[in-house]
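Student: Dropping the structure in here first, questions after.
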Amino acid sequence: MWWSLKRFEWLYHFLGSKKFTLSLFAVLCVFLIPRTLIKTEDIYLGRWGSIIFGFMGLNLVLCTVQRIKTLTKTVIVIHSGILMIFAGVVISSFGYVATVNIYEGTKVDKVYRWDIKKNVPLGVDLMVKKVNVQYYPVDVKVGVLRGQEKFGLFTLKTGESFQLEQYTVKVDALELLPLEKLDLSVFNREHLVGTADTLGENTLPADFPFEFKLVAYKNTSLKRLWVDLRLSRGSEVVIEGTSEVNHPLTWGEFSFYHTKADIDKYGLLFAGIQITNDPGIPYVYTGFVVTGIGSLMFLFKRLYGYR
């Protein structure tokens, strides 16, 4: 039995050696470099990536065990943090990325998974309640009608106001999707009379004499784009919230990213949603924290040693 184990001693030492570490980094580069030079949607390493990082974790464990008597507590903490990161990467390979386009005001219960290239049930109903677009102040021209006659033309920026007899009209926002319109608020002194838009929708009194038209606008610059989402099961609302660039709606292991907003050939507004299932994130973040603590311990020790 001892003789059989002795035969594999070379493998034990090789798997914990620096040569094996450098070999793994070389293999990782072989996978990563083409993805940085070639335009491709396949940015994930998949199962092969899990195997590479799994061997990196094994290499680090054996390296630590073989040198445990010579390593300081600080280095062991750093190694522990890196092992957590490797473990998180491996666990993340069991997650997936899916996408779906959803029309505003509608919901879906299936999404397209890119790893298996097919539609699968999400487990909940995903609804896009509203697509929200906000621009920086825009130069606009607002036409005012009284009955069928032109009453005036006002040039100003969104967020500003103009006087209309005893009324103050504030141009709240410009909307371009799915149709171009201005949202306005009408005040009599400081009292809100009602709201209106340049497509004819309003909450103004029936005897309000004026109508508003969007004559022109220029120099639009997008400030913010986000969607209001709802997850539900039947009549039960699971979670509601917003999703925008770098700020997804998170529910359990799922993150819902808003990727785009557009209109189809029929003029209907829809939003693109990317769903990411990543069970390894908690382990990766914990590993970063532990590695950071170990690095600070090492820094303080070095600084203290130099005094």
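Every read-out reported here was derived from the displayed coordinates using simple, explicitly stated rules and does not represent laboratory data. Quick caveat, the model's predicted, so the values are computed rather than measured. Cβ: placed from backbone, ideal geometry, glycine included. Neighbour counts: every protein chain shown.
Student: Whole-Hz Karplus ³J(HN,Hα) for the stretch 139-153, in order, using 6.51 cos²θ - 1.76 cosθ + 1.60 and θ = phi - 60°, x for Gly and Pro?
Tutor: Coupling constants for the stretch 139-153: 6, 9, 10, 10, x, 10, 10, 10, x, 9, 9, 6, 9, x, 10 Hz.
Student: Testing the spin-label approximation: label points 7 Å from Cα along Cα→Cβ at Lys129 and Ile51. State their distance in nm.
Tutor: A separation of 4.7 nm, rounded to one decimal place.
Student: Roughly how many Å is it from the Cα centre of the stretch 62-78 to that of the stretch 86-111, as a whole number?
Tutor: 39 Å
Student: Now for a separate question. Which entries of Lys181/Lys265; Lys110/Lys181; Lys118/Lys260 have Cα-Cα distances beyond 30 Å here?
Tutor: Long pairs (Cα-Cα over 30 Å): Lys110/Lys181.
Student: Next question. Beyond a 19 Å Cα-Cα separation, which of these cross-linked pairs lie in this structure: Lys130/Lys218; Lys129/Lys218; Lys19/Lys73; Lys141/Lys218?
Tutor: From Lys130/Lys218; Lys129/Lys218; Lys19/Lys73; Lys141/Lys218, over 19 Å: Lys130/Lys218; Lys129/Lys218; Lys19/Lys73.
Student: Here's something else I'd like to know. Once Lys and Arg get +1 and Asp and Glu get -1 on their Cβ, which of Trp48, Val169, Trp226 lies farthest toward the positive end of the dipole of the chain?
Tutor: Working it through, the farthest residue towards the positive pole turns out to be Trp48.
Student: Using θ = phi - 60° and the Karplus relation 6.51 cos²θ - 1.76 cosθ + 1.60, list the HN-Hα couplings for the stretch 106-122 in order, rounded to whole Hz, with x at every Gly or Pro.
Tutor: So the Karplus estimates, Gly and Pro as x, are 10, 9, 9, 10, 10, 9, 9, 8, 7, 6, 9, 6, 7, 7, 9, x, 7 Hz.
Student: Let me ask something else about it. Please work out how much length the chain gains when fully extended from Leu268 to Asn188, using 0.36 nm per residue of separation minus the C-alpha to C-alpha distance, in nm with one decimal.
Tutor: Gain in length upon complete extension: 25.2 nm.
Student: Compute the normalised compactness of the chain: alpha-carbon radius of gyration over 2.2 N^0.38 Å, N being the residue count. Mind dumping the intermediate values first?
Tutor: Numbers: Rg = 29.7 Å, N = 307, 2.2 N^0.38 = 19.4 Å.
Taking N as the residue count of the chain, the ratio is 1.53.
Student: So, one more: With the Cα gyration tensor of the stretch 137-218 giving a ≥ b ≥ c as the square roots of its eigenvalues, does the rule (a/c under 1.5 for rounded; else a/b larger than b/c for prolate; else oblate) give rounded, prolate or oblate?
Tutor: Rounded.
Student: List the chymotrypsin sites (Phe, Trp or Tyr not before Pro) within the stretch 205-307 that fall in a DSSP loop (any state other than H, G, I, E or B) and whose Cβ has at most 14 other Cβ atoms within 10 Å.
Tutor: Listed in order of number, the matching sites are Tyr266.
Student: Further question on the same structure: Please sort by residue number the chymotrypsin sites (Phe, Trp or Tyr not before Pro) in the stretch 50-112 whose DSSP state is loop and whose Cβ has at most 13 other Cβ atoms within 10 Å.
Tutor: Details: sites: Phe53, Phe55, Phe86, Phe94, Tyr96, Tyr103, Tyr112; in loops: Phe94.
In loop regions of the stretch 50-112 (DSSP not H, G, I, E or B), the sparsely surrounded chymotrypsin sites (Phe, Trp or Tyr not before Pro) are Phe94.
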